[in-house]
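Just below is one structure, and these are the notes that go with it.
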């Protein structure tokens, strides 16, 4: 691990995982040289890196990589992942997409600690997930038995342009079983329903949503009445103790709605943070080619600094992470250029590292795709 600056996960899609070389965990050093560990693969894999080591998973095992070596734990699971959060006690919690059940939707929550992994099924397709004070929360359209709860609250479930309501659930913790379902349906539930709220039809995807003072934040592109395909962007703030949500429209310096490029939709990177003072939501926009800052109270949004070169969301593979005042991206364009690693100073936009990764090109051939990346903690 000496000299390693970043890590990336490359994997084939869910239908192709399971072979010993379906996935690759890639370590990148300061010179851009790589070392590779083969895995059985994990679609949309996530990586977590903390002082306790580098954590990742495949369909058969969970992994912890430290200076002492690679530790593996048997842990069969679904072949597609949504999130991974280090817990600070030498382990992690991961969320894996198992799929529809006919009466609802199931994801698997895997808890890894002390060299052992356990898993449980949770109800819902979680479009947003975040860690708040060590507990994992998720947002999903009400499904399964929770449709009954939504109906009793007078909530619509499905809208024309996306979910008409979301349920906020706590997925981790010893008392995570729900007490809000009808008694006959409560048996076997493994998540605690915090609350439900109506939302405007929208598109959203954030599996590293930041949280502060019991409030979890994420962006969403909402449909409006004008029929404009460039949906205005809003910041949603969810109180994880009550399930209540506050929606704030994003506006630019001219007071106009912030709208994504209609060709790409809400093309943002699935890694966002709050500023140190807690007043700003920081995010990277691919269609605007910039690192952005949004005031959480007013929604006023400004460009902090431009990103180097043009990254076209639909013809580039991009993975990113924000941590320790650094923004990092690994990109590969569809024209066959070598993958590149860029690391920026999040506060100033200064380029801290920019290097080509020629040895990674061979790993990205065929069905293999760049799934996620992580930066070594400072």
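The values are calculated or read from the model by the stated rules, or taken from the named source; none is laboratory data. The structure presented is a predicted model; accordingly, all values stated were derived computationally and were not measured. Here the Cβ positions follow ideal geometry from the backbone for every residue, glycine too, while neighbour counts run over all protein chains shown.
Values as computed for the structure displayed
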read-out	value
Scan of the stretch 64-94 for residues that are within 24 Å of residue 128 (Cα to Cα) and not in a loop (DSSP other than H, G, I, E, B), ordered by number	80, 81, 82, 83, 84, 85, 86, 92, 93, 94
Within the stretch 276-289, tally of residues that are in contact with a strand residue (DSSP E or B) (Cβ under 8 Å, 6 or more places away or on another chain) and crowded, with 17+ Cβ neighbours inside 10 Å	8
Test: residue in the stretch 333-348 that is part of a strand (DSSP E or B), more than 22 Å from residue 24 (Cβ to Cβ) and touching a residue at least 40 places away in the same chain (Cβ under 8 Å)	yes
Of residues in the stretch 247-264 being touching a strand residue (DSSP E or B) at 6+ places or on another chain (Cβ under 7 Å) and either loosely packed, with under 14 Cβ neighbours inside 10 Å or not in a strand (DSSP E or B) (or both), the one modelled with the lowest pLDDT	260
Cβ-Cβ under 9 Å pairs, at least 6 apart or on other chains, the stretch 50-78 side at positive phi and in contact (Cβ under 8 Å) with a residue 12 or more places away in the chain, far side exposed (fewer than 13 other Cβ atoms within 10 Å of the Cβ) and not in a strand (DSSP E or B)	53/67; 53/68
When residues of the stretch 306-326 are limited to those that are assigned to a strand (DSSP E or B) and over 16 Å from residue 47 (Cβ atoms), the one modelled with the highest pLDDT	306
Qualifying residue in the stretch 31-45 (condition: out of contact with any strand residue (DSSP E or B) (no Cβ under 7 Å at 6 or more places or on another chain) and either assigned to a strand (DSSP E or B) or crowded, with 23+ Cβ neighbours inside 10 Å (or both))	no
Wholly within the stretch 114-178, strands (runs of 3 or more DSSP E) carrying at least 3 residues that are under 17 Å from the mean Cα position of the chain (by Cα) and surrounded by fewer than 23 Cβ atoms within 10 Å (Cβ to Cβ)	126-132
